[in-house]
Amino acid sequence: MCRKEKKRVFVGIQLRLMLGLLSVFAVSLAVVNVLVAGQIERSYEEQIAGDLQELRASAAIYTRQLLVSGGLNNEEEGFQDTAPDILGELLSLGYERVAAYTTGGRLIDRTRDDLFDGGIGNDLESAMNGRTAFTLIRQSGRRLIAQFSCRMDIEGKTVGILRFELDYSARRQQGELLSRLVFMVTLSVFIITFLAVEIMARRVTSPVLMLARHTTRVADASEEVPLLPEELRRLEGRQDEIGRLAVNYGHMLETIREQMARIRRDRDRIRQLYQEKQALFNNVTHELKTPLTTIQGYADLLEQNGGRDPVLFQKGIRHIGTESRRLHEMVVQLLEMADRTEQPPADRVELASLVRGVVEAMEPKARRYDNRLSVQVEDGLSVKGYAGRLWELTINLLDNAVKYGDPGGTIEIRLLAEGECALLKIANRGLGLTCEQREKIFDPFYQADKTVSREPGSAGLGLPICQKIAEEHGGSITVESTPGAVTEFTVTLPLWKEAADPGTTSACSRDAKGETRS
């Protein structure tokens, strides 16, 4: 089953920060204004309570004075008789809405006929129960009415109840004005703070957003990792965490670029190795198929007619033998090219005597093809390696020079020292090699031109074997040639050193590709 990938919604850090700040500021503004409004409400309630306490004390004084001046006793009946005078006195003092009640809550008199038509309120009921209280009534149009009921106690006796209705609308308007002013001031402070925090937040988050956008480009890049833009390079000069992040990101990006380049090189190398492996497989199968086909064909002919035709019998035996030997030689050469997991200890090999021995062994073959061998050998040159493998390398190169050289020509063999290396040069004149041929001359089974060889049956494995032997000894082999001129192979080997290690890379190693001689 295919797993369905969940689509992720991207929310920017700046948007999240802005929404978070707005939420915090909105809640804070609401809380501050609720607290301020409550405090203003409690403040003018306390002021009203203070005013009413003073009013109660003043009313008690006027009541006592009127009772004494009228010669009335301090009883409820005396309060009822003097209630109109008490209300008149309070009216002259500016209290226009006042009523007098008995201790049982019965109305005695009032300054206005429409006053307290609502019946017994909470404040009057509290006064009847022995408690002084007031009720705040908020009306439309920002009006605030306070209904205040207080017991009149004269010399420890309760003679009646006075009930006032006072207008505190102006005070309410002042409180609301103060509340709005506090709201506007608080809102302004929050807006300024929000803008300042937003500016600071943008300075902090903008580099992070730039890094996020660039990391997205890096994540979407399939081949080439984008370079660090100039705007991010400028961040590296900051002396804070953002600067350190930019520096680390730049280093990480360089590492990624190096790794990607290495991966591409490895990919191309693997692809090349695969192609070379496929080409080698195709060449091996093709080269092995040819002698096997010949052997099988003559074997079938011999089985059918060999006994009755002596000429066919001898011809078939000869061809079977020739192709069998060629097949055996090809298999041996392929084994020579295989990696050797175990090698005997390397020894000191004196090159001058080895080269003279190879030349002496190849002298008869060179004379047979009308070639002359010219030898110039510098004595005292030794390398660390295997004499048998170096003999095989030298004889293969000299054999090629004989087979592909012009008849009657001279083959030059030179051995000399150059720096810390020994150079073996074998040159002959012939058809030469083109640039394309030089590029492929060391590929297995490649043959520049089979028609120019004096000995048929070559499988094209000699030069790859020579290259492998040179590399085994820490050296290299190169070719210089132009069409119709001299072709010269050069084997470069590191000279003998007491502490030499044949497994280490030598300065004598060179690219095996050919060069054009001017």
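The values are calculated or read from the model by the stated rules, or taken from the named source; none is laboratory data. Keep in mind it's a predicted model, so treat the numbers as computed, not measured. In this analysis, Cβ positions are derived from the backbone assuming ideal geometry, glycine residues included, and neighbour counts consider all displayed protein chains. The area values use the complete protein model at the heavy-atom level, side chains included, leaving out ligands, DNA and RNA. Shrake-Rupley method; radii C 1.70, N 1.55, O 1.52, S 1.80 Å.
Distances over 21 Å make up what percent of all Cα-Cα pairs in segment 111-190?
Counting every Cα pair in segment 111-190, those more than 21 Å apart make up 47 percent.
Filter the GluC sites (Glu not before Pro) in segment 86-172 to those in DSSP coil with at most 12 other Cβ atoms within 10 Å of their Cβ, and list the result.
For GluC sites (Glu not before Pro) across segment 86-172 that sit outside H, G, I, E and B with at most 12 neighbouring Cβ atoms in 10 Å, the list reads GLU155.
Could you pull the accessible area for ASP406 with a 1.4 Å probe, rounded to 10 Å²?
Roll a 1.4 Å probe over it and ASP406 shows about 60 Å².
Using only the Cα atoms of segment 363-420, what semi-axes does the equivalent ellipsoid have when each is the square root of 5 times a gyration tensor eigenvalue? Give whole Å, largest first. Could the numbers behind the result be given before it?
Numbers: eigenvalues 119, 39, 15 Å².
Sorted largest first and rounded, they come to 24, 14, 9 Å.
Run through segment 364-448 and list the trypsin sites (Lys or Arg not before Pro) located in a DSSP loop whose Cβ has at most 10 other Cβ atoms within 10 Å.
none
How large is the Kirkwood hydrodynamic radius of segment 23-64, in angstrom, based on all distinct alpha carbon pairs? Mind dumping the intermediate values first?
On the way: mean 1/r = 0.0792 Å⁻¹.
It works out to 12.6 Å.
Considering only the other residues whose Cβ falls under 11 Å of the Cβ of GLU75, what net charge follows from Lys and Arg at +1 and Asp and Glu at -1?
-3
Bin all alpha-carbon pair distances of segment 150-274 at 5 Å intervals from 0 and give each bin's fraction as a whole percent.
Going from the shortest bin to the longest, the percentages are 2, 8, 10, 10, 7, 7, 6, 6, 5, 4, 4, 4, 4, 3, 3, 3, 3, 3, 3, 2, 1, 1, 1, 0, 0.
Apply 1/(1 + (r/R0)^6) to the Cβ-Cβ distance of SER28 and GLU54, taking R0 = 41 Å, and write down the FRET efficiency to the nearest 0.05.
For SER28 and GLU54, the calculated efficiency is 0.55.
How high is the FRET efficiency from ARG356 to ASP443, r the C-beta distance, R0 41 Å, rounded to 0.05?
About 0.85, to the nearest 0.05.
Here are some pairs, LYS365/LYS440; LYS365/LYS468; LYS277/LYS365; which of them have Cα atoms lying more than 29 Å apart in this structure?
LYS277/LYS365
Would you mind getting me the FRET efficiency between GLU155 and MET184? Use the beta-carbon distance for r and R0 = 45 Å, nearest 0.05. Walk me through the numbers on the way to the answer.
Working: r = 54 Å, r/R0 = 1.21.
It comes to 0.25.
Taking the Cα centre of segment 110-255 as origin, work out the dipole magnitude from +1 charges on Lys and Arg Cβ and -1 charges on Asp and Glu Cβ, in debye rounded to 20.
Taking the Cα centre of segment 110-255 as origin, the dipole is about 640 debye.
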